[in-house]
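Trainee: Structure incoming, see below.
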């Protein structure tokens, strides 16, 4: 797929996953890269940007194996941003689908 | 590339960021390797799937420079952010730089004109007022009242234009930061 298509989509994916529950980085990366062809390393910089923008927060939680894991959780601001992104995305996809299906006869 | 090489390259290339931030970033990747390994993956495969640590480091650096330009506005910080974005190759800087330079030139022109107007205006006011005290003066054929009013008008116009230029400069700054932010959202393979 063309790179230009992916702009902003990753942010939408991360935020909408976090709407359901908190995730640690590995889970987010694994789930997204299962469905979308990306370099996994690009998700961590994105998570950091989302944190700086106040859309997500992090906390450490003890795990059975090794040091505590860093969990990501969505903020109220992040929820609002996510709703907007989902709306925009649906609008975009609907528009493209209408064109693809050939809705050109009046 | 194994875990150690990946982490060391990333750490080396992150140099220049605050130490605290570097440690926090490295924590994410250490955790990623740890969980991957515990699921039976090989270090080399995890590293390959993560991608080139040099590119990853660049992504963090450009983000941090843009944040710096946003919270600490200065031409230097903006240029730093722009150059690090260019290093990442996220936009065609020849296409972007051309219009940017033209806008900057126009702004500088506006500042020049506003300063000229103020200087001319003040000159016109004081030149007229000081006529009685001076032996030499150039008479343009204006009445003193006309010359003084013209001076006041020019000065006001100059100040207004200067304020407009300041406002446009701020707008340009914010616009550039926003544009850079929008660009780093591009997902690269």
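Trainee: Considering (1) out of contact with any strand residue (DSSP E or B) (no Cβ under 6 Å at 6 or more places or on another chain); (2) under 18 Å from residue A:23 (Cβ atoms), say which one residue A:98 fails and leave the rest.
Mentor: The one condition residue A:98 does not meet is (2).
Trainee: Still on this structure, please answer the following. Which number in (1) over 23 Å from residue A:40 (Cα atoms); (2) outside the structural domain of residue B:173 (by TED's automatic domain parsing) marks the one condition that residue B:53 misses?
Mentor: The one condition residue B:53 does not meet is (1).
Trainee: Follow-up. Going by the structure shown, is residue B:21 within 13 Å of chain A (Cβ to nearest Cβ) and exposed (fewer than 15 other Cβ atoms within 10 Å of the Cβ)?
Mentor: In short, yes.
Trainee: Further question on the same structure: For segment B:38-67, which positions are surrounded by fewer than 16 Cβ atoms within 10 Å (Cβ to Cβ) and either in a helix (DSSP H, G or I) or within 8 Å of chain A (Cβ to nearest Cβ) (or both)? Working first, answer last.
Mentor: If we filter segment B:38-67 for residues that are surrounded by fewer than 16 Cβ atoms within 10 Å (Cβ to Cβ), which is where we start, we get B:38-42, B:44-45, B:48, B:54.
Selection gives B:38, B:44, B:45, B:48, B:54.
Trainee: For segment A:7-25, which positions are free of Cβ contacts under 8 Å to residues at least 24 places away in the same chain and surrounded by 18 or more Cβ atoms within 10 Å (Cβ to Cβ)?
Mentor: Those that are free of Cβ contacts under 8 Å to residues at least 24 places away in the same chain and surrounded by 18 or more Cβ atoms within 10 Å (Cβ to Cβ): A:13, A:17.
Trainee: Looking at A:57, A:70, which one is buried (at least 17 other Cβ atoms within 10 Å of the Cβ) and either within 11 Å of chain B (Cβ to nearest Cβ) or within 18 Å of residue A:12 (Cα to Cα) (or both)? Write out each step before concluding.
Mentor: Numbers: A:57 fails: buried (at least 17 other Cβ atoms within 10 Å of the Cβ).
The conditions single out A:70.
Trainee: Might you check whether a residue that is touching a helix residue (DSSP H, G or I) at 6+ places or on another chain (Cβ under 9 Å), modelled with pLDDT under 90 and more than 30 Å from residue B:69 (Cα to Cα) occurs anywhere in segment A:26-34? Lay out the reasoning, then the answer.
Mentor: The initial filter retains those residues of segment A:26-34 that are touching a helix residue (DSSP H, G or I) at 6+ places or on another chain (Cβ under 9 Å), namely A:26-33.
So of that shortlist, the ones also modelled with pLDDT under 90 come out as A:33.
Now narrow it down to the ones that are more than 30 Å from residue B:69 (Cα to Cα): A:33.
So far as segment A:26-34 goes, yes, one or more of its residues are touching a helix residue (DSSP H, G or I) at 6+ places or on another chain (Cβ under 9 Å), modelled with pLDDT under 90 and more than 30 Å from residue B:69 (Cα to Cα).
Trainee: For segment A:65-101, give me each residue that is assigned to a helix (DSSP H, G or I) and under 30 Å from residue B:33 (Cβ atoms). Working first, answer last.
Mentor: Taking segment A:65-101 and keeping what is assigned to a helix (DSSP H, G or I), we get A:76-100.
Across segment A:65-101, the qualifying residues are A:78, A:82.
The values are calculated or read from the model by the stated rules, or taken from the named source; none is laboratory data. Everything numeric in this text was worked out from a predicted model, so none of it was measured. Glycine also receives a Cβ, built like all others from the backbone with ideal geometry; neighbour counts cover every protein chain displayed.
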